[in-house]
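Shown next, in structure tokens, is the structure this report addresses.
Each reported figure results from applying straightforward, stated rules to the coordinates on display, with no laboratory input. Just so it is clear, the structure is predicted and the values come from calculations on it, not from any experiment. Quick reminder, even Gly has a Cβ in these numbers, built from the backbone with ideal geometry, and neighbours come from all protein chains shown.
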Amino acid sequence: MPKKITILGSTGSIGENTLDLVSYAGPDIFDVVCLTANSNAQKLADQALKFRPEFVVLADPKNADVLKNALNGSGIKIGIGTDDLKEAGAWPADFIMAAIIGAAGLEPTLAAVSQGKYVGLANKECLVCAGALFIDAVKRSGTVLLPVDSEHNAIFQVLNQERYSEVNKLILTASGGPFRTLSMDEMQNITRAQALSHPVWEMGAKITIDSATLMNKGLELIEASYLFNRPPEDIDIVIHPQSIIHSMVSYIDGTVLAQMGEPDMRTPIAYAMAWPERMATPVKSLDLASVGKLEFHEPNLELFPALTLARDTLTLGGAAPTVLNAANEIAVAGFLAEKLSFLGISRCVDKVLNSFISEQSFTKPLEMLSEVNDYDARARARALETIKLID
Ligand code: NDP
């Protein structure tokens, strides 16, 4: 029987790569049962007509008519809005790819987790804004969580979970983004187009900007801490511009195990889709002689304050990572809308975090989803105000 697969966020970069692998493997291996998008109704309709899922959902009702007209007579069930998005997460499937961008992915992914099956986790924001709550839900449901972020997938592949006490450190690699060699002066006038042009990875707009500020690595640090149950001091970050080593695990005897491959997201996606087996992919195999050299550098924390902000929020705990994530989402949207400078992104996040520090409950563990949503909403509102005041 083919594996029934749902893709939450099928119209995005991870979603399209997942569908590419579904096509590559063929209908005997995967059967798409559910697809979702936010507002890109035409792309969702095209995917639905090609892959014939049982259910499709558009989160934003604005373009509902486009979807309904395109799928008229197809027999495919259509859902509109955020409640239906949660229903998509809970739609019976063997494997769910969680690839919605941002905190919007949290509730549908929790619905997917409630099925107690296999979830490929691309959406790092789930763990950043609701880390302990999310991991509790995974444990309670018996879900097998398969990390898709290339760094976490790499660690998952080389981590000996059964002999965990022998692990010394997790080492996340970072390409460093397009600006790693610039001076502070040169960083003053970075444009949207420059920031959207990543030297190695092809990704959606938000994560591409996060990669340029290194906030992406900060979010991944938080993600790794929750996924692998390690405190921040056990997780190092090293800049590796070639992005051939996707991350490493250092053991107490001095051994370091690394996972390598071409920088192509279809490898970690395929690993999650086929787990515990491996599947063939169209990704070209790694030719180290043509890569030539692999470089490693310390990250420059002065130029990229987002890394320190993320590490600090992980140490603070409670709602701090939730606020960091929400403020960053608004700041990145502000930069993309050309209302905030590139350096303003981290400044905005820093100011929003500081505005919460005096609240007593800020660093208390979040026990309810409503608390996560409350901090998320308040941080977004403060970030919108902050954008108007800086730059
Ligand atoms: P994209 O921006 O390319 O796609 C995001 C997807 O989520 C789209 O299907 C989009 O729909 C949908 N979406 C956006 N906003 C909402 C919303 N409010 N409600 C419901 N659906 C929404 O993102 P990526 O594919 O780049 O990233 C997805 C996740 O994977 C992110 O969390 C990212 O950090 C993570 N990730 C991505 C990597 C990559 O290579 N791209 C690598 C590692 C991790 P629509 O098209 O209609 O807007």
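At a 10 angstrom cut-off on C-beta neighbours, averaged per residue, how do the peptides 89-95, 289-295 rank from highest to lowest? Walk me through the numbers before you get to the answer.
On the way: 89-95: 20.6, 289-295: 8.9.
Top to bottom by mean Cβ count within 10 Å: 89-95, 289-295.
Rounded if a/c is under 1.5, else prolate if a/b is larger than b/c, else oblate: which is the range 324-391, with a ≥ b ≥ c the root eigenvalues of its Cα gyration tensor?
Since a/c reaches 1.5 and a/b is larger than b/c, the shape of the range 324-391 is classed as prolate.
Just check the chain against the gyration tensor rule for me: Cα atoms, a ≥ b ≥ c as the square roots of the eigenvalues, rounded for a/c under 1.5, and otherwise prolate or oblate depending on whether a/b exceeds b/c.
Working: a/c = 1.41, a/b = 1.16, b/c = 1.21.
Rounded is the answer for the chain, as its axis ratio a/c remains below 1.5.
5 Å is the cut-off here: which amide hydrogens, built 1.01 Å from N in the peptide plane, fall below it relative to residue 319, excluding neighbours closer than 5 in sequence?
Under 5 Å from the amide H of residue 319 lie the amide H atoms of 363, 364, each far enough along the sequence or on another chain.
Report the one residue of 316, 343, 330 whose Cα lies farthest in the direction of the positive end of the charge dipole of the range 304-391 (charges on C-beta: Lys and Arg +1, Asp and Glu -1; origin at the Cα centre).
343
Quick one: if you stick a label point 7 Å off each Cα along the C-beta vector at residue 308 and residue 144, how many nm between them?
4.3 nm
With a cap of 14 neighbouring Cβ atoms within 10 Å, and only residues DSSP puts in a loop, list the trypsin sites (Lys or Arg not before Pro) found in the range 125-220.
On the way: sites: 139, 140, 163, 169, 180, 192, 206, 217; in loops: 180.
Here no loop site has a sparse enough neighbourhood.
Rounded to the nearest 0.05, what FRET efficiency do residue 284 and residue 94 give with R0 = 22 Å and r taken as the Cβ-Cβ distance? Could you check?
Values: r = 29 Å, r/R0 = 1.30.
The value I calculate is 0.15.
Whole-Hz ³J(HN,Hα) for each residue in the range 383-388, computed from phi via Karplus 6.51 cos²θ - 1.76 cosθ + 1.60 with θ = phi - 60°, x for glycine and proline: what do you get?
5, 4, 5, 5, 4, 5
For residue 24, project a label point 7 Å along Cα to C-beta. Then give me every residue of the range 258-277 with its amide nitrogen under 13 Å of that point.
Inside the label zone: 262-274.
Using the Karplus curve 6.51 cos²θ - 1.76 cosθ + 1.60 with θ = phi - 60°, what ³J(HN,Hα) values do you get for each residue of the range 178-185, in whole Hz, with x for Gly and Pro?
Coupling constants for the range 178-185: x, 10, 5, 9, 7, 8, 4, 4 Hz.
Cross-link list 86/169; 117/284; 217/293; 50/339; 77/124; 3/62: which exceed 27 angstrom alpha carbon to alpha carbon?
Details: 86/169 36 Å; 117/284 30 Å; 217/293 23 Å; 50/339 39 Å; 77/124 29 Å; 3/62 32 Å.
Listed pairs above 27 Å: 86/169; 117/284; 50/339; 77/124; 3/62.
Going by average Cβ neighbours within 10 Å, how do the peptides 360-368, 237-245 rank, with the highest at the top?
Values: 360-368: 13.1, 237-245: 19.6.
Descending mean neighbour count gives 237-245, 360-368.
Describe numerically, in nm with one decimal, the distance between label points set 7 Å from Cα along Cα→Cβ at residue 161 and at residue 136.
Placing both labels 7 Å along Cα→Cβ, they lie 2.1 nm apart.
For the range 194-260, what class follows from the C-alpha gyration tensor (a ≥ b ≥ c being the square roots of its eigenvalues): rounded when a/c is under 1.5, otherwise prolate if a/b is larger than b/c, else oblate? Could the numbers behind the result be given before it?
On the way: a/c = 2.82, a/b = 1.62, b/c = 1.74.
Oblate is the answer for the range 194-260, as a/c is 1.5 or above yet b/c matches or exceeds a/b.
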